[in-house]
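Engineer: Handing you a structure now.
No value in this document is a laboratory result; all are computed from the given coordinates. Computed from a prediction, not measured in an experiment: that's the story for all the values here. When we count neighbours, we look across all protein chains shown, and the Cβ atoms used for this are built from the backbone with ideal geometry, even at glycine.
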Amino acid sequence: MESHGERLARGDRAAFAELYDACAERVHHYLVGRLGSRADADDLLQETFVRLARDRKRLANVRNLLPYVFATARNEAHRLIERRVREGRRRTELESALAIAEDGREKNKREAAERVSVLLERLEPPLREIVDLKIFGALTFREISEVTGLPQGTVATRYRSALEKMRGQSVKEWE
Amino acid sequence: MSHDLERLFEEASPPGLPPELRERVLAAVDEELNTTRSAVRSSTAARRRGRFRPGLAAAAALVCSLLLNYGVSTSVDRRLAAVLGPRPVPRQAAEIAAEIAAMTDSQTGKWAFDRLASRRGQEGDTELYPLRLKRLIDQLAAETQEISHEALQLDLEMDRDRRGNRDRQPPGAQRILRLEHRNTA
């Protein structure tokens, strides 16, 4: 029987729709956390799927599609961040991207978004990336290891280190 | 993750996907699939059209040159025949061929005439070739006589052996070296 990757490699539209339904929301969350902008996350999600369609022949040999899609989205996000730096654009605030409330709890949401944004801004980029993938992308350590190419132990250590730092920061702030 | 941080991140989780984004993304994917398919088709067709094959070109040029050469030769021969008339039969060749036919048979004579007639165009050889051929025929005739004589001698010796003559002379080399074979009792 034909695998999902083989159907994608063949250019099957239904297979791309299935892939979108399976992982688009998590990839979008990750991109929002990484870029701090919903509009940029929308554009980059589209760009990620277009890139997958363009290089679809490679998908036939991919065993686990989710980390592959995340790796593609990560590369696209890096490109956009580099372009922003080149163009001297001010980094978009994560707070405003996370503060959009859907169920009327606007005040709580805004406060939480503000605190999360502050905590993440203070992390070093390597730690921040692992937190983005783990919390917003909801990936396992093994999947993060596949996405970043880092050993699984390194990923786990960085994540623990990031949590320690954020916990320390939040205790200081609340005291 | 501590409970406070967990709650905080849950509270600040990004909102869901906009519903119209799915259509937008899948339309872009569709467009990309169509574009790459048509690009692959056109590049394959262009590759097929534009591929230069040196071996095929060389073979075609060779065949063309041979055909042209043949055409030019035929046309020149035809024009010369029209202007000068048919080629004259060489007299010497006809005489030699007649002699050969008299000695052998008419087929050999015709073959000799064809050979001689085909060589008449070569300068300097026209005079010498019939002479050389005549000499060759004489030599062949002499050798044939010699072979006939030897065959006759051999027949005579065989007859003598069959008669069982004990006083026959041993071969020359045996006689000189005194190696004559004597039958024992």
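Engineer: Take peptides A:38-44, B:151-157 and line them up by average Cβ neighbours within 10 Å, highest first, as a rough protection proxy. Don't skip to the end; give the middle numbers.
Structural biologist: Numbers: A:38-44: 19.6, B:151-157: 9.1.
Averaged packing, sorted descending, gives the order A:38-44, B:151-157.
Engineer: Just checking the output field for A:31-44: average partner chain Cβ neighbours within 10 Å of each residue's Cβ? Walk me through the intermediate numbers first.
Structural biologist: Working: counts 1, 3, 4, 0, 0, 0, 0, 4, 0, 0, 3, 6, 2, 0.
Neighbouring Cβ atoms belonging to other protein chains average 2 per residue here.
Engineer: Cα-based Rg of region A:1-74 per 2.2 N^0.38 Å, rounded to two decimals? List each step's numbers first, then the result.
Structural biologist: Details: Rg = 12.1 Å, N = 74, 2.2 N^0.38 = 11.3 Å.
Computed over Cα atoms of region A:1-74, the ratio equals 1.07.
Engineer: Now, a different point. Using only atoms on other chains, find how many Cβ atoms lie within 10 Å of each Cβ of peptide A:47-53 and report the average. Before the final figure, lay out the partial values.
Structural biologist: Numbers: counts 2, 1, 6, 7, 1, 2, 10.
So the per-residue partner count for this stretch is 4.
Engineer: Here's another thing I want to ask about it. Going by average Cβ neighbours within 10 Å, how do the peptides B:26-39, A:47-60, A:123-136 rank, with the highest at the top? Intermediate values should be presented prior to the final figure.
Structural biologist: Working: B:26-39: 14.4, A:47-60: 18.3, A:123-136: 19.9.
Ranking the peptides B:26-39, A:47-60, A:123-136 by packing returns A:123-136, A:47-60, B:26-39.
Engineer: Ranking A:S161, A:S37 by Cβ neighbours within 10 Å, fewest first, what do you get?
Structural biologist: Values: A:S161 15, A:S37 20.
The fewest-first ordering by Cβ neighbours comes to A:S161, A:S37.
Engineer: Using only alpha-carbon positions, what ratio does the radius of gyration of region B:60-117 give when scaled by 2.2 N^0.38 Å?
Structural biologist: Values: Rg = 17.3 Å, N = 58, 2.2 N^0.38 = 10.3 Å.
Dividing the Cα radius of gyration by 2.2 N^0.38 Å gives 1.68.
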